[in-house]
Amino acid sequence: MEVDAVRTDPLRHETPMLALPLFEDDERLEGRVAAIDERLAGLIGRARSAGDFRGRAEDLLLLYRPGRQLGAERVVLVGMGKRQECQEEALRRAAARAVREAERIRVTRLSFLVDASLPVEAERAAQAVAEGGVLAAWRFRELKTGAGEPEPPVEVELLELVGWEAASAAVERAAGEGSIGAGAENLARTLAARPPNLETPARLAEMAKDIAEEVGLKATILDPVGILAEEMHALLAVARGSQEEPRFIILEYLGAGDDARPVVLVGKGLTFDAGGISIKPAKGMEEMKYDMSGGAAVIAALKAIAELRLEANVVGLVPATENLPSGSALKPSDVIRTRAGKTVEVVNTDAEGRLVLADALAYALSYDPAAIVDAATLTGSCVVALGHHASGLLSNDDALLEEIRAAGERTGERCWPLPLWEDYRRQLDSDVADLMNVGGRPAGTITAAGFLKEFVGQVPWAHLDIAGTAWGEGTAPYHRKGPTGVPARLFIDWVKSRVR
Ligand code: BES
Ligand code: MN
Ligand code: ZN
C-alpha cells in the first residue's frame, strides 16, 4: 500500500471512497464535515439523528453521494468514540476499519480526511492514519496457490490523506514515517507467519541478510563454528536436538558515527519450539512457529531504523535455532556453560528461550552499549498474567523502563511492568550449578526475567515478554488472526525518542 498526503479540496477531490472520522460526543456537524453533509443532502445528519450511526468506536456506515456535488463516490463514516479520549490509537483503528471496508467492497483507493478538526496534532495524526492503514492491509498469502478460490481478495493500493491544506512537508514526512514503521511491522508479521519447514534458522538468517543488503545494514551471520568460537554454548546446547543448524544473526546500523555507544536490540529466534525432551503437549504446539517473533521484530526494527536514517547506533541480535527432542538433545539435569561463564542446570528443556538469550545478552555487552532491550515469547505465565493486551515489561533501570512504557503507549503496543526484586532470585538457586533455568510455578515471568538479568551486568536493560502479544485472534482492527509484529513499532519509536 502506498500512502500519500495530498494537497486537495476534500469536497472536490475525486475518489472512489472518502473516510470521515466522526466523534460520538460532537453535538453538531461542523466545518468540512458539515459542508460534506450538505452535499450529501443531509445523509450524515439523518444517520446520526436516527441513531444508526452514533460515532462510537465500533460504528461504521457506508453512504453514496446522491448527486455529483461531491468529488467522492462513496463516503464511509468511521466512529471514533469520545473526542476527549481520542489519541493516536483511535486514528490507527479508524484508518484500519476504513481500509477493511474498502477491501470488502473491492475498492482499491481510499482517501481519509485528516485535518485540524481532529484532537490530535497534525503530524502525529498523519503518522497514525498511515500506520493503521498499512497494518490493516497486511495478509499472508504467499503459500496460497489460489486453487478453489473464486476471487482473490483485493488490496487497497493507495491511501490518501486529504484535508491538510498545506499538506506540509512535516505532515508528508510523518505519513511516510508511519508507512515505513508499519511496513516494517508487516515484515515482522510475514517472518513470523512463515512455517518452520520453510523458515529454518539458516533461512531466517538468509532473509535477514537480504533485508540488510536492501537497506544498507551490516549483517554478520555466525554458523555453528562461529557460535562455538564466540563460546555461546547455551545456544549450541538448545540446538543440539535438531537437524537444523543454529545461526546467530548480527545486524549493525551506524547512524551516529563511530563514537556514540549503541543500543542493542535482542530478539528470541526460535523458529520452532517443541519443548525438547521436556516436550510440549500436541495441542497448540503449531503455535510455536511464532517463537521467533521477538527476532522478527528486531530484524524489522533495524530495517526501518536504517530506512529512516535515524541518528543512532543500533545493533540487532537474534539467536536462531529450533528446540526439538532427539537422541542428541539437551536433557533435563544437563549442566551447560554459558558465554558469560556462568553454569546453568537445565531442569526443563522447554525453558530454552532464556538459555539462548543468556548468550545473546552476554554478546550484547561486547558493544559497551548504552542500553539493551530484548523481546521474547518467553513464558506462558505472561499470557496468564496480562492476557493479550500488554507485553510484560521488566527492567533493571527505572528510567529505561519508563522510556519503553511510554513508547508502548505512543505506538499502541502497550507494556506493563512486573517487579524484578532480588527476593525472587532464590527460586533459581541450583544445587549443582550457578543457577537453574526454571524457578518453579510462582511468578514464572519474573523468574525468567530474573534469569536474563544475570547476563546483562550493570547495563540498563529492559525485557519485553511478548508471549501474549506477538500473535492473536486479530481483535484490533489492524490485526488479523496470526502474528502482530509487536514490538517492531515500539522499538522504532523508542530509538527515535532517544535521538529527537
Ligand atoms: N516459547 C515458550 C513460551 C510460550 C508459551 C510462548 C505459550 C507463547 C505461548 C517458552 O519457550 C516456554 O516453553 N516456556 C515455558 C517455561 C517453563 C518451562 C518454565 C512455559 O512458559 O511453559
Ligand atoms: Mn519452550
Ligand atoms: Zn520458546
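Out of E177, E252, E213, E245, which single residue is assigned to a loop (DSSP other than H, G, I, E, B), modelled with pLDDT of 95 or more and either surrounded by fewer than 20 Cβ atoms within 10 Å (Cβ to Cβ) or outside the structural domain of V335 (by TED's automatic domain parsing) (or both)? I'd like the intermediate steps shown before the answer.
Details: E177 fails: assigned to a loop (DSSP other than H, G, I, E, B); E252 fails: assigned to a loop (DSSP other than H, G, I, E, B); E213 fails: assigned to a loop (DSSP other than H, G, I, E, B).
Going through E177, E252, E213, E245 in turn, the sole match is E245.
Would you check which residues across the stretch 345-366 are more than 17 Å from F248 (Cβ to Cβ) and away from ligand 1 (no atom under 13 Å from the Cβ) and list them? Spell out how you get there, then give the answer.
To start, the set of residues in the stretch 345-366 that are more than 17 Å from F248 (Cβ to Cβ) comprises 345-351.
Correct list: E345 only.
Restrict the check to the stretch 218-238 and report whether at least one residue is under 27 Å from G482 (Cβ atoms) and assigned to a loop (DSSP other than H, G, I, E, B).
Scanning the stretch 218-238 turns up no residue that is under 27 Å from G482 (Cβ atoms) and assigned to a loop (DSSP other than H, G, I, E, B).
List pairs: first residue in the stretch 241-270 and within 17 Å of G294 (Cα to Cα), second residue open to solvent by 40 Å² or more (accessible area, probe 1.4 Å) and part of a loop (DSSP other than H, G, I, E, B) anywhere in the structure, Cβ distance under 7 angstrom, at least six positions apart or on different chains.
Cβ pairs passing all conditions: R247/D223; V264/Y367.
Of the residues in the stretch 307-339, how many are hydroxyl-bearing (S, T, Y) and either open to solvent by less than 30 Å² (accessible area, probe 1.4 Å) or not assigned by TED's automatic domain parsing to the domain that holds S242 (or both)? Show your work before the answer.
From the stretch 307-339, those hydroxyl-bearing (S, T, Y) are 321, 326, 328, 333, 338; that's our starting set.
Narrowing further to those that are either open to solvent by less than 30 Å² (accessible area, probe 1.4 Å) or not assigned by TED's automatic domain parsing to the domain that holds S242 (or both): 321, 338.
Summing the residues that are hydroxyl-bearing (S, T, Y) and either open to solvent by less than 30 Å² (accessible area, probe 1.4 Å) or not assigned by TED's automatic domain parsing to the domain that holds S242 (or both) in the stretch 307-339 gives 2.
Here is a check on your reading of the model: is K289 within 16 Å of ligand 2 (Cβ to nearest atom), modelled with pLDDT of 95 or more and of a type in the set (K, R)?
It is true that K289 is within 16 Å of ligand 2 (Cβ to nearest atom), modelled with pLDDT of 95 or more and of a type in the set (K, R).
All but one of (1) among the β-branched types (V, I, T); (2) in contact with a helix residue (DSSP H, G or I) (Cβ under 8 Å, 6 or more places away or on another chain); (3) in contact (Cβ under 8 Å) with a residue 60 or more places away in the chain hold for V432, so report the exception by its number.
Going through the list (1) among the β-branched types (V, I, T); (2) in contact with a helix residue (DSSP H, G or I) (Cβ under 8 Å, 6 or more places away or on another chain); (3) in contact (Cβ under 8 Å) with a residue 60 or more places away in the chain, V432 breaks only (2).
With the checklist (1) surrounded by 24 or more Cβ atoms within 10 Å (Cβ to Cβ); (2) away from ligand 3 (no atom under 16 Å from the Cβ) in hand, flag the one item R261 doesn't pass.
With respect to (1) surrounded by 24 or more Cβ atoms within 10 Å (Cβ to Cβ); (2) away from ligand 3 (no atom under 16 Å from the Cβ), R261 is out only on (1).
Name the residue, out of G412, G408, that is assigned by TED's automatic domain parsing to the domain that holds G294, open to solvent by less than 10 Å² (accessible area, probe 1.4 Å) and either in contact with a Leu (Cβ under 6 Å, 6 or more places away or on another chain) or within 30 Å of Q127 (Cα to Cα) (or both).
Details: G412 fails: open to solvent by less than 10 Å² (accessible area, probe 1.4 Å).
Selected residue: G408, the only one of G412, G408 that is assigned by TED's automatic domain parsing to the domain that holds G294, open to solvent by less than 10 Å² (accessible area, probe 1.4 Å) and either in contact with a Leu (Cβ under 6 Å, 6 or more places away or on another chain) or within 30 Å of Q127 (Cα to Cα) (or both).
Consider S381 carefully, then state whether it is surrounded by fewer than 22 Cβ atoms within 10 Å (Cβ to Cβ) and either without any contact (Cβ under 8 Å) to a residue 24 or more places away in the chain or more than 23 Å from the chain's Cα centre (by Cα) (or both). Before you say what the answer is, go through the steps one by one.
Working: surrounded by fewer than 22 Cβ atoms within 10 Å (Cβ to Cβ): yes; either without any contact (Cβ under 8 Å) to a residue 24 or more places away in the chain or more than 23 Å from the chain's Cα centre (by Cα) (or both): no.
For S381, the condition - surrounded by fewer than 22 Cβ atoms within 10 Å (Cβ to Cβ) and either without any contact (Cβ under 8 Å) to a residue 24 or more places away in the chain or more than 23 Å from the chain's Cα centre (by Cα) (or both) - is not met.
Which residues, taken from the stretch 255-305, are in a helix (DSSP H, G or I), under 19 Å from the mean Cα position of the chain (by Cα) and among the aliphatic types (A, V, I, L, M)? Write out each step before concluding.
As a first pass, look at the stretch 255-305 and keep what is in a helix (DSSP H, G or I): 285-305.
With the extra rule that they be under 19 Å from the mean Cα position of the chain (by Cα), the set shrinks to 287-305.
Passing the criteria: M288, M292, A296, A297, V298, I299, A300, A301, L302, A304, I305.
What pairs can you find where one residue is in the stretch 274-296 and at positive phi, the other is more than 10 Å from ligand 2 (Cβ to nearest atom) and open to solvent by 20 Å² or more (accessible area, probe 1.4 Å), and their Cβ atoms are less than 7 Å apart, with a gap of 6+ or different chains?
Every condition considered, the pairs that remain are G276/L324; G276/P325.
State whether one or more residues within the stretch 300-323 are within 16 Å of ligand 2 (Cβ to nearest atom) and among the basic types (K, R). I'd like the intermediate steps shown before the answer.
Filtering the stretch 300-323 for residues within 16 Å of ligand 2 (Cβ to nearest atom) gives 319-323.
Of the ones still in play, those that are also among the basic types (K, R) are none.
Scanning the stretch 300-323, I find no residue that is within 16 Å of ligand 2 (Cβ to nearest atom) and among the basic types (K, R), so the answer is no.
For L61, indicate whether it is in a loop (DSSP other than H, G, I, E, B) and surrounded by 15 or more Cβ atoms within 10 Å (Cβ to Cβ).
Numbers: in a loop (DSSP other than H, G, I, E, B): no; surrounded by 15 or more Cβ atoms within 10 Å (Cβ to Cβ): yes.
When the stated conditions are applied, L61 does not pass them.
Examine the stretch 318-325 for a residue that is among the charged types (D, E, K, R), within 16 Å of ligand 3 (Cβ to nearest atom) and out of contact with any Pro (no Cβ under 6 Å at 6 or more places or on another chain), and state whether such a residue exists. Give the steps one after another, and end with the answer.
Taking the stretch 318-325 and keeping what is among the charged types (D, E, K, R), we get 322.
Remaining after also requiring within 16 Å of ligand 3 (Cβ to nearest atom): 322.
Those still in the list that are out of contact with any Pro (no Cβ under 6 Å at 6 or more places or on another chain) too: 322.
Yes, there is a match, as at least one residue in the stretch 318-325 is among the charged types (D, E, K, R), within 16 Å of ligand 3 (Cβ to nearest atom) and out of contact with any Pro (no Cβ under 6 Å at 6 or more places or on another chain).
Out of all the residues in the stretch 464-475, which are under 13 Å from the mean Cα position of the chain (by Cα) and either open to solvent by 10 Å² or more (accessible area, probe 1.4 Å) or more than 16 Å from ligand 3 (Cβ to nearest atom) (or both)?
A467, T469, W471, G472
How many of the residues in the stretch 10-37 are under 19 Å from R74 (Cβ atoms) and in contact (Cβ under 8 Å) with a residue 24 or more places away in the chain?
Residues meeting the conditions: 17.
What's the total number of residues in the stretch 240-266 that are out of contact with any Asp or Glu (no Cβ under 7 Å at 6 or more places or on another chain) and within 16 Å of ligand 2 (Cβ to nearest atom)?
The total comes to 3.
Quick check on my filter: what residues within the stretch 441-463 are polar (S, T, N, Q) and open to solvent by less than 40 Å² (accessible area, probe 1.4 Å)?
Quick first cut of the stretch 441-463, residues polar (S, T, N, Q) only: 445, 447, 458.
Correct list: T445, T447.
Considering P419, P369, which residue is farther than 30 Å from R92 by Cβ and free of Cβ contacts under 8 Å to residues at least 60 places away in the same chain? It would help to see each step written out before you state the result.
Working: P369 fails: free of Cβ contacts under 8 Å to residues at least 60 places away in the same chain.
Exactly one residue qualifies, and that residue is P419.
Would you check which residues across the stretch 340-366 are away from ligand 3 (no atom under 16 Å from the Cβ), in contact (Cβ under 8 Å) with a residue 24 or more places away in the chain and surrounded by fewer than 23 Cβ atoms within 10 Å (Cβ to Cβ) and list them?
If the condition is that a residue be away from ligand 3 (no atom under 16 Å from the Cβ), in contact (Cβ under 8 Å) with a residue 24 or more places away in the chain and surrounded by fewer than 23 Cβ atoms within 10 Å (Cβ to Cβ), then A340, K342, T343, E345, A362, L365 are the ones that fit.
In the set R410, R405, R414, R500, which member is closer than 28 Å to K303 by Cα, at pLDDT below 95, away from ligand 3 (no atom under 16 Å from the Cβ) and of a type outside the set (A, V, I, L, M)? Give the steps one after another, and end with the answer.
Numbers: R410 fails: at pLDDT below 95; R405 fails: at pLDDT below 95; R414 fails: at pLDDT below 95.
Step by step, each of R410, R405, R414, R500 is checked, and only R500 is closer than 28 Å to K303 by Cα, at pLDDT below 95, away from ligand 3 (no atom under 16 Å from the Cβ) and of a type outside the set (A, V, I, L, M).
The values are calculated or read from the model by the stated rules, or taken from the named source; none is laboratory data. Just so you know, these numbers come straight off a predicted model, no measurement behind them. So basically every Cβ, Gly included, is an ideal-geometry build from the backbone, and we count neighbours across all protein chains shown. All accessible areas refer to the heavy atoms of the entire protein, side chains included, with ligands and DNA or RNA removed. Shrake-Rupley method; radii C 1.70, N 1.55, O 1.52, S 1.80 Å.
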